[in-house]
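Bear in mind that the values in this text are calculations on the coordinates, not laboratory data. The shown structure was predicted, so the numbers you read here are calculated from the model rather than taken from an experiment. Methodologically, a virtual Cβ is constructed for each residue, glycine included, from the backbone with ideal geometry; neighbour enumeration extends over all protein chains shown.
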Amino acid sequence: MKTKPTPADVAAFIDAVENPVRRVDAQTVCAMLERVTGESPRMWGASIIGFGSYHYRYDSGHEGDMCRLGFSPRKAQLVLYVLSDTPEEAEKLARLGKHKTGKSCLYINKLADVDMAVLEEIARDALADMNTRYPPA
């Protein structure tokens with residue numbers, strides 16, 4: 001697996017984000033996820049800022065470690081790894097504001113487009129779901 005924790009400096013990574021709006025948004029999301037998880041941010045691979053970790057094992061036998069919650073301030077959008085596909089999630093996403101979703105990813109152009117309180121609810125729910133499926137050690 002390519003995405004592993006690295007010793008890279010999270011603050012330096014965020015400071016290097018070219019787009020000033022995306023940089024400030026990344027600082028805001030980083031602080032929010034640190035507050036929600038109670039974990040310090042850590043770089044996972046070259047571009048994901050993750051919080052906490054868990055070990056997974058699929059029925060196929062494939063296994064590995066990944067961050068519990070995370071995000072990446074990509075050039076086109078902020079990508080948040082916070083979706084858990086719970087029944088309550090659709091209602092929260094409907095209240096969030098302008099966004100797109102992928103399998104477990106939430107794509108946001110800029111935080112000004114979304115309701116930050118709803119985004120934090122989504123992150124808290126995702127962490128609770130993660131803690132149920134993969135209890136912390």
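Annotations for the structure displayed:
- Counted residues, region 22-45 - those being touching a residue at least 12 places away in the same chain (Cβ under 8 Å), over 19 Å from TYR107 (Cβ atoms) and not in a helix (DSSP H, G or I): 4
- Selection count where residues are surrounded by 15 or more Cβ atoms within 10 Å (Cβ to Cβ), more than 15 Å from the chain's Cα centre (by Cα) and in contact (Cβ under 8 Å) with a residue 40 or more places away in the chain, scope region 11-21: 1
- With respect to being touching a residue at least 24 places away in the same chain (Cβ under 8 Å), hydroxyl-bearing (Ser, Thr, Tyr) and over 15 Å from TYR107 (Cα atoms), TYR81 falls outside the description.
- Pick from region 47-74, criterion under 16 Å from the mean Cα position of the chain (by Cα) and in a loop (DSSP other than H, G, I, E, B), ranking: nearest to ILE122 (Cα to Cα): ARG68
- Of the residues making up region 81-89, none is of a type in the set (D, E, K, R), crowded, with 16+ Cβ neighbours inside 10 Å, in a loop (DSSP other than H, G, I, E, B) and touching a helix residue (DSSP H, G or I) at 6+ places or on another chain (Cβ under 7 Å).
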